[in-house]
1. I'm checking my understanding of the structure. Among residues of the range 420-432 that are of a type outside the set (S, T, Y), under 21 Å from W293 (Cβ atoms) and surrounded by fewer than 14 Cβ atoms within 10 Å (Cβ to Cβ), which one is modelled with the highest pLDDT?
2. If Y113 passes every condition in (1) in contact with a Gly (Cβ under 8 Å, 6 or more places away or on another chain); (2) loosely packed, with under 15 Cβ neighbours inside 10 Å; (3) within 18 Å of N68 (Cβ to Cβ); (4) not charged (D, E, K, R) but one, which one does it miss?
3. Here is a list of conditions, (1) in a loop (DSSP other than H, G, I, E, B); (2) at pLDDT below 85; (3) surrounded by 15 or more Cβ atoms within 10 Å (Cβ to Cβ); (4) not small (G, A, S), and E435 meets all of them except one; can you say which number that is?
4. Could we say that A330 is part of a helix (DSSP H, G or I), in contact (Cβ under 8 Å) with a residue 60 or more places away in the chain and small (G, A, S) here?
5. May I ask you to say which residue of L364, L402 is open to solvent by 50 Å² or more (accessible area, probe 1.4 Å) and assigned by the TED database to the domain that holds T457?
6. Residues of the range 142-157 being buried (at least 20 other Cβ atoms within 10 Å of the Cβ) and either under 21 Å from S247 (Cα atoms) or touching a Ser or Thr at 6+ places or on another chain (Cβ under 7 Å) (or both), which ones?
7. Only one of (1) touching a helix residue (DSSP H, G or I) at 6+ places or on another chain (Cβ under 6 Å); (2) surrounded by 20 or more Cβ atoms within 10 Å (Cβ to Cβ); (3) not in a helix (DSSP H, G or I) is not met by S265, so which one is it?
8. How many of the residues making up the range 357-389 are part of a helix (DSSP H, G or I) and either among the polar types (S, T, N, Q) or without any contact (Cβ under 8 Å) to a residue 24 or more places away in the chain (or both)?
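The values are calculated or read from the model by the stated rules, or taken from the named source; none is laboratory data. Predicted model, so just to flag it, every value in this text is computed and none were measured. Cβ placement follows ideal geometry from the backbone for every residue including glycine, while neighbour counts extend to all protein chains displayed. SASA here: full protein model, heavy atoms, side chains in, ligands and nucleic acids out. Shrake-Rupley method; radii C 1.70, N 1.55, O 1.52, S 1.80 Å.
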Amino acid sequence: MYESMKMSVEHVVETGKISEEYNTSDEVRLVFSQRSIDGFTRQNHPTVIQVLLDQNKDKDITGNCLPNLVYVSRQKSKTSPHHFKAGSLNVLVRVSAAMTNAPVILTLDCDMYSNDPTTPLRALCYILDPEMQSNLGYVQFPQEYHGLNKSDIYACEHKRFFKVHPVGYDGLCGPNYAGTGCFFRRIALCVGPSTLILPEIDGLCPDSVVNKPLTAPSVLELAHHVAGCNYENQTKWGSKIGFRYGSLVEDYYTGYRMKCEGWRSIFCYPETAAFLGDVPFNLLDALSQNKRWAIGLLEVAFSRYSTITFGVKSMGLFMGLGYSYYAFWAILTIPITTYCLLPQLALLNELSIFPKVSDPWFLLYMFLFLGAYGQDLLEFVVDGGTIQRWWSDQRMWIMRGLSCHAFGLTEFVVKSIGIPTEGFNVTSKIINDEESKRYEQGVFEFGVPSPLFVTLTMAAIINLLSFIVGLVHFIVDGGSNKEGLVMQLVLTGLIVMNCLPVYQAIALRSDKGKMPTKTTVTATLLASAVYVVASLFLK
């Protein structure tokens, strides 16, 4: 039924008319025939709502009632903002309120599916607990994936964000909303626990009772009305009610604002994964996804609801600082870029910037270096990770800092001063057989040219050149400065090891997944320019 409906919708989008082969039922005529379909496109079309299953009518082969299943495509217009995923979620909140007004809402990304049928019962144990009901807003399950290769080469698991940190937040006001695998109380999206903010229509209020069938004309009329692209004008949807607008990371922003309003959340982490999803299968998609997150988080960090001011005031110091850790995530590009370039350029010029091995201060540097990596490894392994995946996580930490964080920070600054930037991009989860085979083998996939690869390749070239030249100087003519160059050689060698997939893609591979030539040439020229300027400055 769904596939048939999908084909009819896509046919209308492509042709602008309904042919007789698809106009086969009263439901299809109800959806399309009463509306003008001139100029019906993905960006410009009326609301489409179709009841595929009605629990009062449809039964399975054993005679038991099937659950309601309703297809909703909100109205789109090129002249009205649609607020991306947050706008879509708010339409679903309103349409579901008009049709059933169930008190619990589950949000899932389109690439995720249920892995455990007892998951709703786990969530209800918290939602129905009378000791928690007064201020419990949602129950968040960890975001987990199927299809990860053995090494998780793109570090898509994000173990700290989705598993380690939420356990800690659970001891405060609860974890943040991760965008999927989350059970909301409908009342938490419509009002504050202490301040009453009701929707503009009584039929959308959390305590409203729907006692009419799904297909009743009045129910469908209200559902179509609240799915209109101009319905939210002059209302509080997106600002005080529903999922919040103002950031590309609507999940982080919505959870953050709900915490500021007084709601708390629960992290439910069962042994069996509640939901499983897909991950990006090439480096460009992984970096593009993180760049989008970086921009969205900065939009929150520098808004009127900044985590460092409004957040600390509303939630307390610890939760405010916890949210700030994410909000200012992209600024990590500054220390990471410094970490990956400054010691290396100084090494090329035989300049020591760290204490000598015989200096007592060297012990402090080694303690901080080994202690930080040791703690990070311990946290990762204790939560069920492997050393191999931890190494991938460390490698991607550097790659993100040099690419998507840098570009995200730059794009945010450019956008803030009024210069237009590229729009929202959805991360692709579709792969071909060659990409799938390389991913399973743990081989990086580059293939398509992108500016995100330029800075990464530039840093890889500078580090390799610095390590070779520095090692030669250290062995041949290091003289009295040998002890001062040890730490720089260690750091440079560590980054060279992290960049091995980049070197392989530049020089050794012949398949379609190798580093694009244009990217390599641009990065080489940029690395040469950086070296010349840095050499003049250091001298």
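1. Selected residue: P420.
2. For Y113, the failing item is (3).
3. Only one criterion is unmet by E435, namely (1).
4. So A330 fits the description; yes.
5. None of the other options fit; the residue is L364.
6. Within the range 142-157, Q143, D152, I153, A155 meet the criteria.
7. Of everything listed in (1) touching a helix residue (DSSP H, G or I) at 6+ places or on another chain (Cβ under 6 Å); (2) surrounded by 20 or more Cβ atoms within 10 Å (Cβ to Cβ); (3) not in a helix (DSSP H, G or I), S265 misses just condition (1).
8. 21
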